[in-house]
Amino acid sequence: MVATTWPEQAIKWFSITFIGLSVTVLLSYTVFMSYFNSKITDGFMKNRDRVFEELYQEKKKKNKFTTAEGSSSKVTEGDGSKEKGEDEEKNAPYLIAGFFHPYCNAGGGGERVLWTAIRDIQQKYPHVVSVVYTGDTDVSKEDILERVRTRFNIELDPSLVGFKFLKKRSWVEGANWPRFTLIGQSIGSIVLGWEALKCLVPDIWIDTMGYAFAYPAARLFGGCQVVAYVHYPSISSDMIGRVASRESGHNNANEVAKSSFYTGLKLVYYRLFALSYALVGKFCHIVMANSSWTKAHIDSLWGINSTVVYPPCDTEAFKDFPLRDRERIVVSVAQFRPEKGHALQLDAMAQLLKDHPEYRQKAGSENPNAVQLVMVGSARDESDDNRIKQLKEKAAQLGISDNVTFVINATFSELQAWLARSKIGIHAMLDEHFGIGVVEYMAAGLVPVAHNSAGPKMDIVRPYNNEPTGYLASTPQEFADAIEKVLSAGDSSLDMQLRARNSVQERFSEKVFEERLQKCLHEVLSREAITIYGRYMVDPPEGGWPSVVDDEKKNKKNK
């Protein structure tokens, strides 16, 4: 009999203890939630009616304003207005799709998925009201929809979208969990999800940010159909592998990587968390993954067969940009989050200028050969603002400040302008789940230089007609060398630019996203509900939308 080592014994003991605690916690959670479930169900119809009432009044106000603006839109009693009113009553919304997206106003790729999905639902399923659960309490509904219009060029019908503003978003913010961030944010998502359910229980719970630990409450105690659009698994075999190999990085501090003891403890922690993550993933009815890389990890962790639905990219908005006469600009489009690799981009720029000093921009003079790195991105909060400050300081330390420009919270038109001018698009995030920014580069006719991992490697910067569409890199030197290849190629890079554009037009357009999303969600959005007891049709309320019925009664009484 082979004796086991102490780390193996410790892992076995921790695993048994964790499983026992998990079962105990799950049973306690079930009893606790069942007891307090009455608090949700008591106000269930009241909350739903309030949503419909608010949106219906908004629609009436809009219609009244439109009619007042143009006399030609006025109708008489005999010109079909009665039939129009009957159609409105028949088609009045009665299903609620609740989008759990606490950072809906952030302006990143995940938010493009959210708003494009809502727009597609409005167009295809007029009986569905979309309600967004958000922690952006410092803005109004009007402010958010205006930002959606200016940032993403997406127009929404305000009478079919509502908001529930959550006050406990701090529970899921990483800054509040400096240690044990994964489990801390997961606990926080349970708290935030419970707050959302107390505000309103939807028919369909759609998570578009990856807060999987809220799924059990939504399904068991909200009775919702649970849908997940997974941008990035909370934990992956790659993360565990980097800890095991004692590789320092964003998710593995230097002091942990240098210690075999701390590395062993973190491996236990990660593996136990992966087990918990797999359990809560079982509560989903429908799972969509944004890339082949994400699908592989989610399928492995959750034991499912998810569907790849590539994020929507507004390729149409960039397809007419001219390919010739581009400026010597390397543009970076990404939120200023720690994992996006902005520091690596600065290191790559410093390496490029070291290898080719003729590209350096000198203060007070114009250099026609100068290369500019332009970082375009949104800042969500104070931590992002501090990160931008640190990046500016790093650029100064590297001596490249004159070659670096920061563009914060750019509008969609400003983004278009930068992409129309630039020659190269850089993206340096390790294991980027997809990379909408890379797709936008290619659609706009830029040559992409992206990190040689995950989404860009597996799905985006792929050969087209057996010819390359861009470059992949991992180190500052590799990024610098790739940028130099494009700069020195001149107009001979036009063929690659055209291939890149054609490649993404075929695979990542908003139309392709709409088709795949509708195929996945049709069952839950087309009035057919799926439960553990089988299938049944969700019928509209008798008499139609409550507010419409009330108006009809008032009209009859006045007559």
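Some observations on this one:
- Cleavage-rule hits, trypsin sites (Lys or Arg not before Pro), the stretch 272-351, DSSP coil, Cβ neighbours within 10 Å at most 11: R324
- Annotation: the stretch 406-533 has a Kirkwood hydrodynamic radius of 16.2 angstrom, from the mean reciprocal C-alpha pair distance.
- Across the stretch 341-417, the fraction of Cα-Cα pairs farther apart than 17 Å, rounded to a whole number, is 48%.
- Sulfur and carbon atoms: percent of accessible area, the stretch 178-231 [1.4 Å]: 63
- Looking at the stretch 252-353, the accessible area is 38 square angstrom per residue; that uses a 1.4 Å probe and ignores ligands, DNA and RNA.
- Per residue, the accessible area of the stretch 137-233 comes to 39 Å², computed with a 1.4 Å probe over protein heavy atoms only.
- For the stretch 108-185, applying the loop criterion from DSSP together with a ceiling of 14 other beta carbons within 10 Å to the chymotrypsin sites (Phe, Trp or Tyr not before Pro) yields F180.
- Surface share of carbon and sulfur [accessible, 1.4 angstrom probe, percent] for the stretch 421-477: 47
- When each of K46/K198; K124/K511; K319/K511; K354/K423; K124/K198 is checked by Cα-Cα distance, pairs over 18 Å: K354/K423; K124/K198
- The charge dipole of the stretch 414-476, taken about its Cα centre with unit charges on the Cβ atoms of Lys, Arg (+1), Asp and Glu (-1) only, comes to about 180 debye.
- Per-residue extension of 0.36 nm, minus the Cα-Cα distance of A244 and N386, leaves a gain of 48.0 nm for this segment.
- For the stretch 277-367, the share of accessible area belonging to carbon and sulfur comes to 50 percent (1.4 Å probe, ligands and nucleic acids excluded).
- The 1.4 Å probe gives accessible areas that order C199, C104, largest first, as C199, C104.
- Net charge contributed by nearby residues that have their C-beta within less than 12 Å of F100 (K/R +1, D/E -1): 0
- When the Cα gyration tensor is reduced to axis lengths a ≥ b ≥ c, the ratio a/c is 1.5 or higher for the stretch 118-228, and with a/b not above b/c it is classed as oblate.
- Cleavage-rule hits, trypsin sites (Lys or Arg not before Pro), the stretch 138-178, DSSP coil, Cβ neighbours within 10 Å at most 13: K167
- Extension reserve of the Y269-F180 stretch, reckoned as 0.36 nm per residue once the Cα distance is removed: 31.2 nm
- The simple spin-label model puts a point 7 Å past each Cα toward its Cβ; for E327 and K519 those points are separated by 4.2 nm.
- Estimated FRET transfer efficiency (S474, T150; beta-carbon r; R0 41 Å; 0.05): 0.70
- Ordering 182-188, 490-496, 451-457 by mean Cβ neighbour count within 10 Å, with the highest value first, yields 451-457, 182-188, 490-496.
The values are calculated or read from the model by the stated rules, or taken from the named source; none is laboratory data. What you are looking at is a predicted structure, and each value in this text was computed from that prediction instead of being measured. Ideal geometry is used to build each Cβ from the backbone, glycine not excepted, and the neighbour counts take in all protein chains shown. Side chains are part of the model used for accessible areas, which takes the heavy atoms of the whole protein and leaves out ligands, DNA and RNA. Shrake-Rupley method; radii C 1.70, N 1.55, O 1.52, S 1.80 Å.
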